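Taking it in order: structure first as structure tokens, then the write-up.
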Amino acid sequence: MKAGILAFLLCLVPSIGMANPYLAKPGERPISLRVSTCAISGGFVHLYTGLDYGLFEKYGIKLENIFIRGSAQNLTALANDEVQFTYCASDAIIPGMAAGIEVKIVASPLVKLPYVLITRKEVRRPEDLKGKALGIARAGDLSDRLTRAVVKKLGLPAEAVTIRPIGGSQGERYQAMAAGIVDGVIITPPLDVRAKNQGYNVMYRLIDLNLPFIYSSLHTSYKMLREQPNTVQRMVAALADIIYFVEKNPDKAKASIGKAMRTTDPEALQSAYNTYARDILDRTMVVPGKAVAETVELARESGSPVRKKPEEIYDNSFVFNLEKSGFLKELWGNENYKR
């Protein structure tokens, strides 16, 4: 009887192992790679947590994070193999990929708009924005496109509000608003908590725009896809594992956000965690093709050169493999990971 049970259990072992074929093998030497980020944001909580707790190393990847300001600069570094992956808001860099840069999106954990419009204390209602200025980073970039979409959604004529490029990071643009240089800016959590605590107004949450949007995503180069597809697959599997870890270990995830953003404010950390680990998360990480197509069309309408079809900009085969292999089912157990 005992021998029969043992034989049955041994039969199960290969199938369990097959469900996660992406882990590093015993004694395997990790491969050293670089991943760039285009901002310092709570939206990168999964990357930060994975780095802080050695979760990429489980998959045979020793990862170094390089901060490169600006989407164009990140794409250039990725295409030139100065970094092997970029973790950034895809909507910001799809125009560059559509123009012909040899980079693809391979996983999209966050797929809704986390941004909010904050305004100075005297700007309480949409009509108060008339004759005022909203600050953006650069003309034509993501902050510009989103700001104009909000102005339109609020029912204001485009000419009623000045859109002023002031450069800088979100934090720097926030300071410009605080100094009275502009009257409002679009930011992401946890800066919204700081704004409320300092008496500024959260006028609009952009998630209510219901726009197709791809936020934090993993991008890699044609070179990596061609020469190291197995490494790309392991990187995608590691990211899926980290999503699970972040959801099950909120205190560790919040600690990683706090470390990256240099804050210990519990309310701010909770706001960031709620937004990026829950509200806009897609556990399957499937790149939404419709959102890619609409972003490409917006780029075309704005005058950007478009040389690629939307389906040439992303590759969902790696995230699909996670389900086909049984990896996601093993990871989440009886929980519904397709939510």
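The values are calculated or read from the model by the stated rules, or taken from the named source; none is laboratory data. Quick caveat: nothing in here was measured; it's all calculated off a predicted structure. Don't worry about glycine lacking a Cβ; one is built from the backbone with ideal geometry, like all the others, and counts go over all protein chains shown. Just the protein is used for accessible areas: all its heavy atoms, side chains included, with ligands, DNA and RNA removed. Shrake-Rupley method; radii C 1.70, N 1.55, O 1.52, S 1.80 Å.
For Val286, the residues whose amide H sits under 5 Å from its own are Ser108, ignoring neighbours fewer than 5 places away on the same chain, with H placed 1.01 Å from N.
Placing a label point 7 Å from the Cα of Thr76 along the Cα-to-Cβ direction, the residues of the range 32-55 whose backbone N falls under 17 Å from that point are 36-39.
The residues packed around Pro109, meaning those with a beta-carbon under 9 Å from its beta-carbon, carry a net charge of 0 if Lys and Arg are +1 and Asp and Glu are -1.
Cβ under 9 Å from Gly184's Cβ, Gly184 left aside: what net charge do those residues give with Lys, Arg +1 and Asp, Glu -1? Intermediate results must be reported in sequence, preceding the final value.
Numbers: positive: Arg120, Lys132; negative: Asp183.
Counting the neighbours of Gly184, the net charge comes to +1.
Other residues within the sphere of radius under 15 Å centred on the Cβ of Lys196, judged by their own Cβ, net out at +2 (K and R +1, D and E -1). Let me make sure I get this right: for the range 42-125, a, b and c are the square roots of the gyration tensor eigenvalues over alpha carbons, sorted descending. Under 1.5 in a/c it's rounded, otherwise prolate if a/b > b/c, else oblate. Which is it? Verdict is oblate for the range 42-125.
Counting only heavy atoms of the protein chains and using a 1.4 Å probe, Lys58 has close to 90 Å² of accessible surface. Each listed q (0.23 Å⁻¹) maps to a log10 I(q)/I(0) for the range 247-321, found by the Debye formula over equal Cα scatterers with no solvent: -0.93. In this simple spin-label model, placing a label point 7 Å from the Cα along the Cα-to-Cβ direction at both Glu122 and Asp279 gives a separation of 2.9 nm.
Give the carbon-plus-sulfur fraction of the accessible surface of the chain in %, rounded to a whole number; probe 1.4 Å, heavy atoms of protein chains only.
Working: 8300 of 15710 Å².
Ligands and nucleic acids excluded, carbon and sulfur reach 53 percent.
Here the range 194-287 is treated as an ellipsoid with the same Cα gyration tensor; its semi-axes, largest first and in whole Å, are 30, 18, 12. At an R0 of 45 angstrom, the distance between the Cβ atoms of Lys130 and Leu23 translates into a FRET efficiency of 0.20.
Taking 0.36 nm per residue of separation and subtracting the current Cα-Cα distance, fully stretching the chain between Glu159 and Arg300 would add 48.5 nm.
The modelled label-to-label distance between Tyr222 and Glu335, using points 7 Å beyond Cα along the C-beta direction, is 3.9 nm.
Tell me the mean residue ellipticity at 222 nm calculated for the chain from its helices only (DSSP H runs of n ≥ 4, each -39500 (n - 2.57), averaged over every residue, nearest 500). Before the final figure, lay out the partial values.
Working: 14 runs with 145 residues, N = 339.
Result for the chain: -12500 deg cm²/dmol, rounded to the nearest 500.
Using a Förster radius of 35 Å, what is the FRET efficiency between Asn197 and Asn249 based on their Cβ-Cβ separation? Nearest 0.05, please.
Details: r = 27 Å, r/R0 = 0.76.
The formula returns an efficiency of 0.85 here.
Taking every alpha carbon pair in the chain, what does the distance histogram look like in 20 angstrom bins from 0, in percent? Cα pair-distance distribution for the chain, in percent: 30, 55, 13, 2, 0.
Rolling a 1.4 Å probe over the protein heavy atoms gives the range 216-339 an accessible area of 48 Å² per residue.
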